[in-house]
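Dumping the structure here so I can ask a few things about it.
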Amino acid sequence: MIKAQDLCKHYGDVEAVKGISFEIPEGAVVGLLGPNGAGKTTTIRLLTTFLPPTSGTATVAGYDIKKQPAEVRKHIGYLPETPPLYPEMRVDEYVTFVAKLKGVGRGSLGHAVEKALTRCSLTDVAHKLCSQLSKGYRQRVGLAQAIVHEPKVIILDEPTSGLDPAQIIEIRQLISELKGEHTVVLSTHILSEVSESCSELLVIADGSIALSGTIAELTAEQSLEQLFLQAVFKRKQHAAAQEQKLAQG
Amino acid sequence: MRNILTIASRELRSSFVTPLAYVVMAGFLLLAGFFFFTLLQQFNAVLLQAAMMPDLKPSLNEWVITPFYQTLEIVLIFLLPVMTMRSLAEEKSSGTYELLATSPISTVELVFGKFLGISTVVAIMLALSFVFPGSLIVVADPEAAPILVGFLGLLLFAWAFTALGVAVSSFTRSQAVAGIVGLVLFLLFFVIDAPAAKAGEKIAEVLRYAAPSAQCDLFMKGVINSSALIYFLSLMALGLFVSVRVLEAQRWR
């Protein structure tokens, strides 16, 4: 469903993503794991066509992010790190607005909005303004806008950051409900989140892939914590060695 | 087209649920009413003087309506940056731009939608102020054509600056920066013909042509002037074009 080939992104001199390649099968829930500043958000922004890659490319839902960005955008639902809400809009108004933007036809608009609101348990607050909502509800509205057009791929950037434990459990339940119907990519820096909700794992450290595979295979012998720390540590050593080489050469 | 209308109607609704549009409109109408009253007072004094000279007939158009529209131009220069500064800067700072940029709508549709939404608010504001010159048509007998066509000129003037304001807003994430830069540029552009008196003939001609108030004056005569029409439409096109290009260029950084 998602296939990246040598995806690279530079911000000026800074290499945020250094040529990563990976493949995500249909229906999978993939945890994009990595320390802060590892390149998770940049990778997500490349996949959602918010930023163009410096080099390399990726296909999302069968469309090339460089050549067919408009098609890619039709087939993704995206929740950025801060939910992109308009504070002065009502929840139902807002979700309807996004559904229209995403190209949901006039006939199915009402139904699609109602379904998204029900799925995210937002029917009680549908008439409230976005600015009146608590953080947990805002996150849910963000999720509702990401799924309202039934996209093939749903991309969530740290969907549980800043939430209290009860809210985290709610969001996780929602994500697990999406399993199967949609391909889900969610970024996080919380290990337990991956073991709770994901079927596959992609560890990014220092702009490169440090580890990838299905959770079941990877955790057969070692715990997730050990694996993650090893992968990140190796990546750091590797980077340090390369730097040394450069300094000597 | 559907996407443009989706963006425009959201912009329009948001304008009327937040206080900003009401505050700007109220301020505009207050100032308009104040200037209108002052101009009428002056006209009264002129009429008294003219009563002593039978062959002198001061015209309402010349003494009230044209100066009224010209004053509104200046009021607009100060208030329009407030209406346009939010447009794109706020989307970028609040993160909603990320939603728009990853939705299947083009940058052109986004910018046109924004412009359409704000220029509708501006048109409503101006239409409300039409009550002043409009009342003269009812209670006195001025020439109607300069009032109506002059008003069209004022509307085109306002829309041109709206487009330029949106363009200024596309450069930054900060509403305050967009507002202040907008105001400074608008003021500068408004008085661009000031050095014309001392400049060389060719340059003076260009400066006089570029001055938006001079173009607006052409409408005040009561005839739709095609060259002035093209002037204002080009300014709108320029503003929208710059906004689109700036937004697209920012992605590649």
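Using protein heavy atoms only (no ligands, DNA or RNA), what is the total accessible area buried between A and B, 1.4 Å probe, nearest 100 Å²?
2500 Å²
Next question. State which entries of A:Lys3/A:Lys115; A:Lys40/A:Lys245; A:Lys18/A:Lys179; A:Lys3/A:Lys74 exceed 22 angstrom in Cα-Cα distance in the structure shown.
Values: A:Lys3/A:Lys115 30 Å; A:Lys40/A:Lys245 27 Å; A:Lys18/A:Lys179 30 Å; A:Lys3/A:Lys74 17 Å.
Where the Cα-Cα span goes over 22 Å, the pairs concerned are A:Lys3/A:Lys115; A:Lys40/A:Lys245; A:Lys18/A:Lys179.
Also, I was wondering about something else. Could you grab the relative contact order for segment A:72-218? Cα pairs under 8 Å, six or more apart, rounded to a whole percent. If you can, show how the numbers build up before the last one.
Details: 201 pairs, mean separation 36.7, N = 147.
That works out to 25 percent.
Let me ask you something else. Please list 3J(HN,Hα) in residue order for segment A:145-150, calculated via the Karplus relation 6.51 cos²θ - 1.76 cosθ + 1.60 where θ = phi - 60°; whole Hz, with x for glycine and proline.
5, 6, 10, 4, 9, 6
Next question, about the same structure. Summarise the partner chain shielding of A:82-92 as one whole number: the mean count of Cβ atoms from other chains within 10 Å of each residue's Cβ. Don't skip to the end; give the middle numbers.
Values: counts 4, 3, 10, 4, 9, 4, 7, 4, 2, 0, 0.
Going residue by residue through A:82-92 and averaging, the value is 4.
Related question: I want the local charge near B:Ala211. Using Cβ-Cβ distances under 10 Å, sum +1 for each Lys or Arg and -1 for each Asp or Glu among the other residues. Don't skip to the answer; put the middle values down first.
On the way: positive: B:Arg208; negative: B:Asp193, B:Asp217.
Around B:Ala211, the surrounding residues sum to -1.
Viscosity 1.567 mPa s, temperature 4 °C: what is the translational diffusion coefficient of segment B:109-253 from Stokes-Einstein with a Kirkwood Rh over Cα pairs, rounded to a whole number of µm²/s?
Values: Rh = 16.8 Å.
Estimated diffusion coefficient is 77 µm²/s.
Continuing with the same structure: Check A:Ser208: other-chain or 5+ apart residues with amide H under 5 Å from its amide H, H built from backbone geometry?
Amide H neighbours of A:Ser208, under 5 Å, 5+ apart: A:Lys18.
Something else: When only C-alpha pairs under 8 Å and at least 6 residues apart count, what is the relative contact order of segment B:2-251, in percent?
It rounds to 27 percent for segment B:2-251.
Could you derive backbone 3J(HN,Hα) for segment B:232-243 from the dihedral phi with the Karplus parameters 6.51, -1.76 and 1.60 (θ = phi - 60°), listing whole Hz in sequence and x where the residue is Gly or Pro?
5, 5, 5, 4, 4, 4, 4, x, 5, 4, 4, 4
List the GluC sites (Glu not before Pro) in segment A:216-247 that DSSP assigns to loop (not H, G, I, E or B) and whose Cβ has at most 14 other Cβ atoms within 10 Å. Which are they?
On the way: sites: A:Glu217, A:Glu221, A:Glu225, A:Glu243; in loops: A:Glu221.
Sparse-neighbourhood loop GluC sites (Glu not before Pro): A:Glu221.
Sticking with this structure for a sec: What number, rounded to the nearest 500 deg cm²/dmol, is the helix-based mean residue ellipticity at 222 nm of the protein assembly as shown, given -39500 (n - 2.57) per DSSP H run of at least four residues and division by all its residues? Please list the in-between numbers first.
Details: 21 runs with 304 residues, N = 502.
-19500 deg cm²/dmol, from helical runs alone.
With viscosity set to 0.692 mPa s at 37 °C, what whole-number translational diffusion coefficient in µm²/s follows for the protein assembly as shown from Stokes-Einstein and a Kirkwood radius over Cα pairs?
Numbers: Rh = 26.0 Å.
The estimated diffusion coefficient comes to 126 µm²/s.
Ok, one more. Taking 0.36 nm per residue of separation and subtracting the Cα-Cα distance, what length does fully extending B:Ala51 through B:Asp141 add?
30.6 nm
If the viscosity is 0.692 mPa s and the temperature 37 °C, what translational diffusion coefficient in µm²/s does Stokes-Einstein give for chain A when Rh comes from Kirkwood over Cα pairs?
The Stokes-Einstein estimate is 174 µm²/s.
Can I ask one more? Taking only C-alpha pairs under 8 Å that are 6+ residues apart, what is the relative contact order of chain A in percent? Let's see the in-between values first.
Details: 451 pairs, mean separation 62.9, N = 249.
25 percent.
A further question on this structure: Rg/Rh for segment A:89-220: what does it come to with C-alpha atoms and Rh from Kirkwood? Let's see the in-between values first.
On the way: Rg = 16.0 Å, Rh = 15.9 Å.
Rg divided by Rh gives 1.01.
The values are calculated or read from the model by the stated rules, or taken from the named source; none is laboratory data. Keep in mind it's a predicted model, so treat the numbers as computed, not measured. Please note: Cβ atoms are built from the backbone with ideal geometry, for glycine as well, and neighbour counts cover all protein chains shown. With ligands, DNA and RNA removed, areas are computed over all heavy atoms of the protein, side chains included. Shrake-Rupley method; radii C 1.70, N 1.55, O 1.52, S 1.80 Å.
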